[in-house]
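Single-structure report; data block below.
The values are calculated or read from the model by the stated rules, or taken from the named source; none is laboratory data. Everything quoted here is computed from the prediction, not taken from an experiment. Glycine gets a Cβ as well: all are built from the backbone with ideal geometry, and neighbour counts include every protein chain shown. Surface accessibility is based on the protein's heavy atoms, side chains included, excluding ligands, DNA and RNA. Shrake-Rupley method; radii C 1.70, N 1.55, O 1.52, S 1.80 Å.
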Amino acid sequence: MASSVHHVTIDCADTYRLATFWAEVLAGKIGDDDLPGDPEALVEADGVSLLFVAVPEGRAVKNRIHFDIQPTDRGRDEEVERLLALGATLVADRRRPDGSGWATLADIEGNEFCVERSAAERAAATSASASTAV
């Protein structure tokens, strides 16, 4: 027998506010019974459930686990701009001139995550590499 991950749980100060941010990032939905001020808030998105739980202490050190997200309907750079407009901040820009790399952002409570290239961008890069090798 094995276990499966039911939720990814994130400690935070404001459950509803952070859940709202991540629901926008992932095009997910906050639980119908989750309201501002609740001690927990659940976001259901395609392939993942995020549970936000209020804790009294603030974040003191870098995350031990982080999300690597990949845009599904736009390029990496467009997604970075969208997330910055939602309130994320740019922590480190690891994007390279050849289009590879990623951007490390922090959500509205300082939790870091990375934005990678989209599948279409990766496929185009692979295709371009293959055509120049011939």
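What to note about this one:
- Residues located in region 8-22, provided they are in contact (Cβ under 8 Å) with a residue 40 or more places away in the chain, of a type in the set (A, V, I, L, M) and assigned to a helix (DSSP H, G or I): Leu18
- Residue within region 27-45 that is closer than 23 Å to Leu84 by Cα and touching a Pro at 6+ places or on another chain (Cβ under 6 Å) present: no
- Region 108-120, residues that are outside any loop (DSSP other than H, G, I, E, B) and under 16 Å from Ala23 (Cβ atoms): Phe113
- For Ile65: the one exception among (1) at pLDDT below 95; (2) touching a strand residue (DSSP E or B) at 6+ places or on another chain (Cβ under 7 Å): (2)
- Only one of the listed residues (Arg95, Arg76) is touching a Phe, Trp or Tyr at 6+ places or on another chain (Cβ under 9 Å), of a type outside the set (S, T, N, Q) and either open to solvent by 30 Å² or more (accessible area, probe 1.4 Å) or within 14 Å of Ala23 (Cβ to Cβ) (or both). That residue is Arg95.
- The residues on offer are Val25, Val5, and the sole one that is part of a loop (DSSP other than H, G, I, E, B) and of a type in the set (Val, Ile, Thr) is Val5.
- Residue pairs whose Cβ atoms lie under 9 Å apart, sitting 6 or more positions apart in sequence or on different chains, and linking a residue in region 93-111 that is under 15 Å from Asp14 (Cβ atoms) and β-branched (Val, Ile, Thr) to a partner that is in a loop (DSSP other than H, G, I, E, B) and open to solvent by less than 40 Å² (accessible area, probe 1.4 Å), are Ile108/Gly87; Ile108/Ala88.
- Within region 28-61, considering residues that are part of a loop (DSSP other than H, G, I, E, B) and within 24 Å of Pro71 (Cβ to Cβ), the one least open to solvent (accessible area, probe 1.4 Å): Gly28
- Single match in Leu90, Leu83, Leu105 (criterion: loosely packed, with under 14 Cβ neighbours inside 10 Å and not in a loop (DSSP other than H, G, I, E, B)): Leu90
- As for region 62-69, it holds at least one residue that is hydrophobic (A, V, I, L, M, F, W, C), within 15 Å of the chain's Cα centre (by Cα), under 19 Å from Leu83 (Cβ atoms) and surrounded by 16 or more Cβ atoms within 10 Å (Cβ to Cβ).
- Residue in region 32-43 that is under 24 Å from Trp102 (Cβ atoms), touching a residue at least 24 places away in the same chain (Cβ under 8 Å) and not charged (D, E, K, R) present: yes
- Condition broken by Asp98, with the remaining ones in (1) out of contact with any His (no Cβ under 7 Å at 6 or more places or on another chain); (2) closer than 25 Å to His6 by Cβ satisfied: (2)
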